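Student: For reference, the structure I am asking about is given below.
The values are calculated or read from the model by the stated rules, or taken from the named source; none is laboratory data. Everything numeric here is computed off the predicted structure, so don't read it as measured data. For neighbour counting, all protein chains shown are included, and Cβ atoms are generated from backbone atoms with ideal geometry for every residue, glycine included.
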Amino acid sequence: MIKARGFAGVVGRIMVALLFAGLMLSGCGCGHHGQDTIKVGVLLPLTGDWASVGNDIATSLQLAKKQVDRYIADSGGIPFNLVVEGHERLSRGGC
C-alpha cells in the first residue's frame, strides 16, 4: 500500500472521506425525511499563514464534490451542499 505524505496525503484523505460520505448518503433511502439536500460543512484556514493550504483543500473538495454529485445523480441519492467557511484560529495555527 502506498502512503501519500504531507499536503497530498491530507487532501487525499479528505477527498476519500467526502466521497465515502456521499456514497453512504446516496444509498440511504431511509431517514432523510423528505430533505432535498444535506449540508456538509468544513472549517478551513482561509486567511493568514495557512491560507494557501486552506484554499487548496477547498478547491480539492469542490472537485471531489463534482465527482460525488455525478454518482449521486446516477444512483438517485440525496444531493449535498458543501459549505466551506474560514476559521480564525486555524488561520493563526492555534487550536
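Student: Please go through (1) at pLDDT 70 or above; (2) touching a Leu at 6+ places or on another chain (Cβ under 8 Å) for Ser60 and return the number of the only condition it doesn't satisfy.
Tutor: (2)
Student: If Ser91 satisfies all but one of (1) loosely packed, with under 15 Cβ neighbours inside 10 Å; (2) modelled with pLDDT under 75; (3) not β-branched (Val, Ile, Thr), what's the number of the condition it fails?
Tutor: Of everything listed in (1) loosely packed, with under 15 Cβ neighbours inside 10 Å; (2) modelled with pLDDT under 75; (3) not β-branched (Val, Ile, Thr), Ser91 misses just condition (1).
Student: Going by the conditions given, is Ala8 assigned to a loop (DSSP other than H, G, I, E, B), at pLDDT below 65 and either touching a helix residue (DSSP H, G or I) at 6+ places or on another chain (Cβ under 7 Å) or of a type outside the set (S, T, N, Q) (or both)?
Tutor: no
Student: Another question about this same structure. Go through region 44-75 and count every residue that is at positive phi and among the hydrophobic types (A, V, I, L, M, F, W, C).
Tutor: 0
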